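Shown next, in structure tokens, is the structure this report addresses.
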Amino acid sequence: MAQLKTKVKLYLENNSKTWDAEKNNIKLINNGSADIIETWNVSGLSKPTDSQIASYETAATKEDNNDIIRAKRKTLYGDVGDQLDEIYSNIDTWKARIKSIKDANPKE
């Protein structure tokens, strides 16, 4: 199941808004049984209905899964400075290592 934040982010983007610009105008909470939108103060855009939010489930699940893969790849890639040294020493070795990380951790 996708995170509510991701579904809201996609809803905003689909309506020419961004999470970064609007995050202070939205409050998401867990009411003990589910994540809900407690506060919605986005100018020019109505609070999404439950069905509107539900319509983003598939896309949000894909985005959440890809975020997990991105984080894993970032860890496996290692320090940027070390990567630059590796590129300078032998770019083909670096390219092969990065390719193996991507192949082992594909995005959807």
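Any read-out appearing in this document is the output of simple, stated calculations on the displayed coordinates, not a laboratory observation. Predicted model, so just to flag it, every value in this text is computed and none were measured. Reconstructed Cβ throughout: ideal geometry from the backbone, glycine too, with neighbour counts over all protein chains shown.
Under the combined filter of DSSP loop state and at most 12 neighbouring Cβ atoms within 10 Å, the range 1-78 retains none of its chymotrypsin sites (Phe, Trp or Tyr not before Pro).
Filter the cross-link list K9/K72; K9/K47; K74/K107; K72/K102; K27/K72; K5/K74 down to pairs whose alpha-carbon distance in this structure exceeds 19 Å. Mind dumping the intermediate values first?
Working: K9/K72 22 Å; K9/K47 12 Å; K74/K107 13 Å; K72/K102 10 Å; K27/K72 28 Å; K5/K74 22 Å.
Going by Cα-Cα distance, K9/K72; K27/K72; K5/K74 fall outside the 19 Å limit.
The C-alpha atoms of the chain define a longest principal axis, and helix 57-77 lies at about 30 degrees to it. Helix 4-14 sits at what angle to the longest principal axis of the chain, using alpha carbons and giving 0 to 90 degrees rounded to 10? On a 0 to 90 degree scale, this one is about 90.
Helix 80-104: angle to the longest alpha-carbon principal axis of the chain, degrees 0 to 90, nearest 10? Helix 80-104 and the main axis of the chain meet at about 60 degrees. Pairwise Cα distances in the chain exceed 20 Å for 54 percent of all pairs. Charge tally around I26: other residues with Cβ under 11 Å, Lys/Arg +1 each, Asp/Glu -1 each, net +4. In straight-distance terms, cross-link reach from K7 covers every one of the aspartates and glutamates whose alpha-carbon lies under 18 Å from its own, apart from those fewer than eight places away in the same chain; here that gives D20, E22, D35, E38, D50, E57, E63, D64, D67, E108. At full extension, T93 and L45 could sit 12.3 nm farther apart than now, given 0.36 nm per residue minus the alpha carbon distance.
Cβ-Cβ distance of T58 and S100, R₀ of 25 Å, FRET efficiency by 1/(1 + (r/R0)^6): the value works out to about 0.25. For the range 4-104, a simple Cβ point-charge model (Lys and Arg +1, Asp and Glu -1, everything else neutral) yields a dipole of about 120 debye relative to the Cα centre.
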